[in-house]
Amino acid sequence: MNNLQAPPPPEALIEGLNEPQREAVLTTEGPVLMLAGAGTGKTAALTARLAHLVRNRLAWPSEILCVTFTNRAAREMRERVGHLIGPAVEGMPWLGTFHSIAAKMLRRHAELVGLQSNYTIIDTDDQLRLLKQLIVAEGVDEKRFPARQLAQLLDRWKNRGLNPADIDAGESEAYANGKGQKFYQLYQDRLKAVNACDFGDLLLHMLNILRTHRDVLEQYQQRFKYVMVDEYQDTNQVQYLWLRLIAQGRQNICVVGDDDQSIYSWRGAEVANILRFEKDFPGAKVIRLEQNYRSTPQILGAASGLINENSQRLGKTLWTERHAGEQVRVVGVWDGPEEARRVGDEIERLEREGAPLDQVAILVRAQYQTREFEDRFISIGMKYRIVGGFRFYERAEIRDALAYLRVIAQPQDDLAFERIYNAPKRGLGAKALEGIHTLARRRGIPLTAAAIEIADSDELPARARNSFLSLMRDFARWRDISATEKPSDLLRTVMDECGYTDALQAEKTAEATGRLENLVELARAMEEYESFGDFLEHVSLVMDNENAADEEKVTIMTMHAAKGLEFDNVFLPGWEEGVFPSQRALDEGGLASLEEERRLAYVAITRARRKCTILHAANRRIYGQWTSSIPSRFIAELPDDHVEAETTLSGGASLWRAQWSEHGDPFADVARIQPSRIVTRGPGWQRAAAQEFDTKPKRVAESTRSAASFAAKPRADIGVGDRVFHEKFGYGAVAAQEGNKLEIDFEHSGRKRVIDSFVKPA
């Protein structure tokens, strides 16, 4: 920080701030809740407040505790404060993330929890290795109860501030038939024995110390004259308890957050922490930052109308002085591929009009949705980047699946074989691979041939030989059926029979479920290609989409990853029941999850500065099956005054709202009204006028089975060559038929691929 410029005069700290921001800066004594809506300049207010405390000598830099959630946020805060107060920022040792500050405290008091001050913080790999050792030592089947599942369970317990002694029988049932508490205790004992802790322990240990050692608690309560917390709505239980203990002394705590942007319950965040702030700190002053500097009034009106449907919120009304701008567009399309085409066309139009590509974003609810857009953008030469995750074909499970198929198609592909010879785990370690490598070099043969030979020798232990032999028999069988099975069907068969699907299902984690969803999406993508060679060529083109880092590209990311970002033009695809809101979220969390999904929708809309486009499809492939989709309930909640409907598939927001209201109030009781019970009406929905249809996605466990297990039966009254009529595309002749899918040459719309139940004989 030696290159810091001279700080501005004290009065300059609040210049340019609006009245509520100034109030937040100058209200230094007592508890303060800065309720900051999206795009309302909360970072400017927070940094100005921190600088004000130092510049006006209300506290030394070392007497202020300022907590952020990420290292990036901490760096940005330190840089911005440095420009306001100069070199004094170097004396702020307690500005950082929850974990970094807790680690610094724990170094000073490690002996109070049975550690030495030079303790080691283990990473995820070390944690999993240690848990596997404990699982094996206790005689538990690690394949049935994976270490990763136990690690995530322990992390959840620690995020809730629970020690092994706090785990009751009901909680303990979550792992290995009631052994969860025992493994938690064994794990903690082992960590202490090696003078180590994991990231969850950093806060949990300090919470235990503050709870049981009054002198330490009073020391920190006296040390910190002021406590400031960013993104308070994202705190979990252990963070909340830790902060509350420290701040209860002087009561000078200022938290900044937005209950409407609490979207991380899946990683332990509890929106209740910010909702009960006034109860935790009686007399707290609530300052609402409501002037938005990012979005147009139309975008804010749509987002505000949507979030008003939530009951668990403190409430605020965003406004802006910007020009009204365009209404939020809601676009209905026929299916997922048309959705990607429509978005691609719109972006090309924006580019022709001079809009920079790096100000265009596509925000999806789930990672698997990115594949459709990646493929489309490759075909039209659109530059894009995936943010917050790997591109679809770079993900580990996708690379593994393709490696299996590469070995089937080309047994000489040693690189592919090396990748999957022990994926999933089949007891083949580095020594086994080294053995077949040695034989392959000596004989000048591929690794697959060497594996067959070595399995018939005594060069390797019996277990390794049997594993290689079983694997090579599988490859031989898959190679035989590959001549007759479609690549997509072959993929489903291989993933099931090699144990890859079962291994992911056994993990019972959200991450594993997402990986299964990606495999299902891969199989779906392969159905569009006649041969496996054509598909691999396509993948190569996709993987070659690496351009110079400084080139403008469209951003594709999840809604969760987009929090805190902003773009001129935002596209929000997949707003259908079961996709968004996520059916899995509703099944697992009911009304609470519905409100969080709605907050996620609010976050997504408010990422847009100028234009926001929401898309929904009448038909979508979900978990390998075509489903007739209905628009998301969130579309029905958008205020008509701020929405422009561009769809022939329904009658606008008013009709969508009517569709929901005729079934009562679905928001009051999520379990009572599920999407599978909704009947939609209007243009494009005629076939549903007198029937109910199931839009709930099938279980992932079923979705990776052979395509034959879920293929729909074709209609008997329509065949190739027949003349038919379609509600949207008009008259045409059936050119090809596959199951319940028809390719029809329409007189005015060209060739389309449709579901047979949407047409009738002409």
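Points to keep in mind about this one:
- Binned Cα-Cα distances of segment 449-533, short to long, each 5 Å bin given as a whole percent: 3, 13, 18, 17, 16, 15, 11, 6, 1, 0
- When the square roots of the Cα gyration tensor eigenvalues are ordered a ≥ b ≥ c, the ratio a/c for segment 185-338 is 1.5 or more and a/b does not exceed b/c, which makes its shape oblate.
- Annotation: amide H of Thr97 within the under-5 Å range of Thr68, sequence separation 5 or more or interchain, hydrogens built in the peptide plane.
- Among the GluC sites (Glu not before Pro) in segment 140-248, those placed in a DSSP loop whose Cβ has at most 14 other Cβ atoms within 10 Å are Glu173.
- Residue by residue, segment 305-322 carries 3J(HN,Hα) couplings of x, 5, 5, 5, 6, 6, 8, 8, 7, 7, x, 6, 10, 6, 8, 8, 8, 6 Hz when phi is fed to the Karplus relation 6.51 cos²θ - 1.76 cosθ + 1.60 (θ = phi - 60°); x denotes Gly or Pro.
- Label separation (Arg715 vs Glu173): 4.9 nm, computed from points 7 Å beyond Cα along the C-beta direction.
- Shape call, segment 606-645: gyration tensor on alpha carbons, a/c limit 1.5: prolate
- Its Cα gyration tensor gives segment 63-170 an equivalent ellipsoid; the semi-axes, largest first and in whole Å, are 37, 16, 13.
- Rg to Rh quotient for segment 99-241, alpha carbon positions, Kirkwood Rh: 0.99
- Computing FRET efficiency as 1/(1 + (r/R0)^6) for Glu738 and Val194, where r is the C-beta to C-beta distance and R0 is 41 Å, gives about 0.10.
- Where both bridge residues fall in the chain, DSSP classifies roughly 35% of the beta bridges as antiparallel.
- When only the Cβ of Lys, Arg, Asp and Glu is charged (+1, +1, -1, -1), the dipole of the chain relative to its Cα centre reaches about 1440 debye.
- Within the chain, helix-based [θ] at 222 nm, where runs of 4 or more DSSP H residues each add -39,500 (n - 2.57), nearest 500: -13000 deg cm²/dmol
- Accessible surface area normalised per residue over segment 361-409 is 29 Å², counting heavy atoms of protein chains with a 1.4 Å rolling probe.
- Centroid-to-centroid separation of segment 184-252 and segment 486-512 [C-alpha atoms, Å]: 41
- Here the peptides 71-79, 42-50 are ranked by packing, the mean other Cβ count within 10 Å, and the order with the highest first is 42-50, 71-79.
- Value in Å of the Kirkwood radius, where the chain supplies the Cα pairs that are averaged: 29.2
- The gain in end-to-end length when the Glu747 to Glu511 segment is fully stretched comes to 80.3 nm, 0.36 nm per residue minus the alpha carbon separation.
- The chain - percent of accessible surface contributed by carbon and sulfur, probe 1.4 Å: 47
- Packing-based order for 370-380, 128-138, 17-27, using average beta carbon neighbours within 10 Å, highest first: 370-380, 17-27, 128-138
- Label zone at Lys431 (point 7 Å along Cα-to-Cβ), backbone N below 18 Å, segment 457-479: 457-469
- Taking the average, over residues, of other Cβ atoms within 10 Å as the packing measure, peptides 207-216, 178-187, 150-159 rank 150-159, 178-187, 207-216 from highest down.
- Exceedance of the 32 Å cut-off in Cα-Cα distance is limited, within the set Lys425/Lys752; Lys158/Lys563; Lys383/Lys563; Lys104/Lys425, to Lys425/Lys752; Lys104/Lys425.
- Take every Cα pair under 8 Å whose residues are at least 6 apart in sequence, average their separation, divide by the length of the chain, and the relative contact order is 13 percent.
- Global geometry of segment 332-413, whether rounded, prolate or oblate, following the gyration tensor of its Cα atoms and the 1.5 cut on a/c: prolate
- Our coupling estimate for segment 144-151, obtained by passing each phi through the Karplus curve with A = 6.51, B = -1.76, C = 1.60 and θ = phi - 60°, is 7, 10, x, 4, 5, 5, 5, 4 Hz, Gly and Pro reported as x.
The values are calculated or read from the model by the stated rules, or taken from the named source; none is laboratory data. It should be emphasised that the depicted structure is a prediction, and the values quoted were computed from it without experimental measurement. Counting neighbours? That spans all protein chains shown, and the Cβs are built from the backbone with ideal geometry, glycine included. Just the protein is used for accessible areas: all its heavy atoms, side chains included, with ligands, DNA and RNA removed. Shrake-Rupley method; radii C 1.70, N 1.55, O 1.52, S 1.80 Å.
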